[in-house]
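Derivation of every value follows stated rules applied to the coordinates shown; laboratory data play no part. In this text, all values refer to a predicted model and were calculated from it rather than measured experimentally. Because the Cβ atoms are built from the backbone with ideal geometry, glycine has one as well, and the counts that use them run over all protein chains shown.
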Amino acid sequence: MDPLDFSVLNNVLINFLWHLLIVVHSQTKPIVAQHFLSQNQVWREIKYAMSSLPWISIPTVALFFAEVRGYSKLYDNVSDSPLGWSGLFLSMISFLFFTDMCIYWIHRFLHHKLIYKMFHKPHHIWKIPTPFASHAFHPVDGFLQGLPYHIYPFLFPLHKVLYLALYVFVNIWTISIHDGDYRVPSGLISVINGSAHHTDHHLFFDYNYGQYFTLWDRLGGSYRHPSALMGKGPMDLIRKLQVEGKLRKEQVNGHDQRRATCKEE
Ligand SMILES: [Zn+2]
Ligand SMILES: [Zn+2]
């Protein structure tokens with residue numbers, strides 16, 4: 001596949017999926033904690049993502065060129081894999097664990113007090129992110145956090161189509177941890193870094209830096225059991241305020257946000 005076709009196909013697929021997921025999500029999600037969203041938040045998230053993505057794309061496309069022009073260990077056919085189909089399966093698992101580890105440390109580095117304000121703060125403006133915040137990063141932040149996906153094929157053999165599929169998956173995952181849907185299968189709560197975990201990262205900063213798994217947060221001493229899963233999340237606060245009469249039903253879900261009487265706690 002021509003390098004340019006490959007990167008364009010990647011971007012088109014990602015953008016298509018991003019918009020499809022957001023549209024589907026907005027139709028099916030029963031209630032959004034709109035009361036806790038800042039004014040015009042969704043619009044500002046979209047604007048920020050749209051202004052950053054072209055800058056992130058420039059070095060990213062350059063890396064894609066190097067990858068598909070033969071400088072990486074990407075291959076075209078299953079027969080090129082030393083272990084056949086099981087090699088593909090193994091590379092899928094190792095890709096997830098390798099990138100999860102790298103993103104954990106890069107993300108933690110971006111929280112360093114000398115770096116944070118410059119590059120990572122724009123993503124943390126939103127305390128309760130919406131799916132549109134998933135790609136709203138400062139260009140340097142976005143590029144650095146995406147870098148592990150491009151380092152992997154230079155170090156390890158990877159099938160090109162699998163690479164494309166993983167890239168799409170990664171983008172869907174990034175959207176999903178910002179979508180406010182806190183459900184995680186009960187047996188996986190302690191293993192998977194889901195939306196409830198990442199919302200606590202936006203709220204409390206120094207916890208849950210991970211991407212897919214809680215592994216590195218546990219090893220690095222930054223794991224925090226999600227407040228939403230302990231009945232102390234944003235939606236629980238809304239319900240509590242409604243019960244106490246400090247917040248009327250119509251003040252939630254975007255109907256009467258500015259006249260809401262409660263204060264953030
Ligand atoms: Zn962060
Ligand atoms: Zn985030």
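Give the long-range amide H neighbours of residue 213: residues separated by 5 or more places, or on another chain, with amide H under 5 Å away, using H modelled in the peptide plane at 1.01 Å from N. The list, which skips near neighbours in sequence, is 193. When the Karplus curve 6.51 cos²θ - 1.76 cosθ + 1.60 is applied with θ = phi - 60°, which whole-Hz ³J(HN,Hα) does each residue of the stretch 113-124 get, with x for Gly and Pro? Taking θ as phi minus 60°, the curve returns 4, 7, 10, 3, 4, 5, 10, 9, 4, x, 6, 9 Hz for the stretch 113-124. The stretch between residue 51 and residue 88, if pulled fully straight at 0.36 nm per residue, gains 9.7 nm over its current Cα-Cα span. Residues whose amide H falls under 5 Å from that of residue 75, counting only those 5 or more places apart or on a different chain, are 158, 159, 160, with hydrogens built in the peptide plane. Applying 0.36 nm per residue to the separation of residue 79 and residue 219 and subtracting their alpha-carbon distance, the gain on full extension is 46.7 nm.
For the stretch 82-240, taking Cα atoms only, Rg and Dmax work out to 16.1, 58 Å respectively. Between residue 154 and residue 124, how many nm apart are label points set 7 Å from Cα along the C-beta direction? So the label points at residue 154 and residue 124 sit 2.8 nm apart. Charge dipole (Cα centre; +1 on Lys/Arg Cβ, -1 on Asp/Glu Cβ; no other charges) of the stretch 67-164 amounts to roughly 480 debye.
Exposure proxy ranking for 176, 134, based on other Cβ atoms within 10 angstrom of each Cβ and starting from the fewest, stands as 176, 134. Each residue of the stretch 41-51 was assigned a 3J(HN,Hα) from its phi angle through the Karplus curve 6.51 cos²θ - 1.76 cosθ + 1.60 (θ = phi - 60°); the sequence is 4, 4, 4, 5, 4, 4, 4, 5, 4, 5, 7 Hz, with glycine and proline shown as x.
Here the extension length gained between residue 168 and residue 69 equals 33.6 nm, from 0.36 nm per residue of separation less the Cα-Cα distance. Pairs over the 29 Å Cα-Cα cut-off, from the set 47/117; 47/127; 47/160: 47/160. Between residue 186 and residue 109, the simple spin-label model (points 7 angstrom out along Cα→Cβ) gives 4.1 nm. Whole-Hz Karplus values for the stretch 104-109 come out as 4, 6, 5, 4, 5, 4 Hz, taken residue by residue from phi with 6.51 cos²θ - 1.76 cosθ + 1.60 and θ = phi - 60°; glycine and proline positions read x.
Here the residues 216, 85, 173, ranked from fewest to most Cβ neighbours within 10 Å of their Cβ, fall in the order 85, 173, 216.
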